[in-house]
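I have placed the structure first, in the form of structure tokens, so that the comments after it can refer back to it.
The values are calculated or read from the model by the stated rules, or taken from the named source; none is laboratory data. What you see is a predicted model, and the numbers here were worked out from it, not measured in a lab. Note that each Cβ is placed from the backbone with ideal geometry, even for glycine, and that neighbours are counted across all protein chains shown. Accessible surface areas use protein heavy atoms only, side chains included; no ligands, DNA or RNA. Shrake-Rupley method; radii C 1.70, N 1.55, O 1.52, S 1.80 Å.
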Amino acid sequence: MSLFIVILIILLLFGSGSLPKIGQRLGEKSRKPVRQARWVMAWATGTEEDALEAERDYGRECARDFVAQFPGEVSERDRELVESIGGKLAAAVKDRRRRFSFSPVPGPAANAYALPGGFVFITAPLLELCGRDPDEIAFFLAHEVGHVVCGHARDQLTASAILNAVGSRLAGVGALLRDALGKGYSRSLELDADREALRLVRAAGFDPRAAHGALGRLSRVAPDNSGLAEYFSTHPALSERIRALQV
């Protein structure tokens, strides 16, 4: 079907006034994949500064979609607490070209998230689970910052492409291979982020020993009835993470 016919059908069904709105919505839909592609090209062929800027642009689009999934409000007290802790952590990041923003969201489960470009989120249930203790919150936020500074989003994107390519050539065992490699890759990244988190909390003036308390608190909560299933599903066993921490 030619573009002319599509436009004609839109005009007949919705009138000429609908064209700007439809064009705007199509543009919004295309922004994120376009910026993801620019980010990939920037770190593949451009300078490091170009890659960081492209990552920030892509992350901003991701953050806009992410926040839309969490309707509701968080208290101003929680917002100020998270921003204050996050600001100290950001100041401790070695690469001064990195920028970060920290926000609480009213999610249904206790979790924290890192998006490309330094957009870090923590849910209100996780703040509550920590008793709003600044040192414990700092560890969870620093863990997410660790994902960003270690380039894990980029590595995951590359690994996903590799796993999909491998799986497509091994139809019989492709799914099992992707699952096994994906789990191992995730464990490695999470432990790397924990190590970077300890460095950050120390440098920012928080108590690194709170990491054991924060993870121990999670380990005492059954994920099947606590709303923590999403958090546990993407992380190694908490006992493994606690053992690996060198505080």
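I need the fraction of alpha carbon pairs in segment 36-134 separated by more than 21 Å, rounded to a whole percent.
It works out to 39 percent of all Cα pairs.
Multiply the residue separation of E76 and T45 by 0.36 nm, subtract the distance between their alpha-carbon atoms, and state the gained length in nm to one decimal.
6.9 nm
Taking 35 Å as R0, compute the FRET efficiency from the Cβ-Cβ separation of R98 and R187 and round it to 0.05.
It comes to 0.90.
About the Cα centre, and with charges only on the beta carbon of Lys, Arg (+1) and Asp, Glu (-1), how big is the dipole of segment 85-146? Nearest 20 debye, please.
460
Name the long-range amide H neighbours of G107: under 5 Å, sequence gap of 5 or more, or other chain; modelled H, no Pro or chain starts.
Close amide H contacts, sequence-distant or interchain: A124.
Apply the Karplus parameterisation 6.51 cos²θ - 1.76 cosθ + 1.60, with θ equal to phi minus 60°, to every residue of segment 70-82 and state each ³J(HN,Hα) to the nearest whole Hz, in sequence, with x for glycine and proline.
Ordered by residue, 3J(HN,Hα) equals 10, x, x, 10, 10, 6, 5, 4, 5, 4, 5, 4, 5 Hz.
Packing-wise, with mean Cβ within 10 Å as the measure, how do 199-211, 86-98, 139-151 rank, highest first?
My ranking of the peptides, most packed first, is 139-151, 199-211, 86-98.
Roughly how many nanometres apart are two label points built 7 Å out from the Cα toward the Cβ at A37 and R243?
4.6
So for R220, R99, what's the accessible-area order with a 1.4 Å probe, most first?
R220, R99
At 1.4 Å probe size, with no ligands or nucleic acids counted, give the accessible surface of E240 in Å², nearest ten.
Surface open to solvent at E240 totals about 50 Å².
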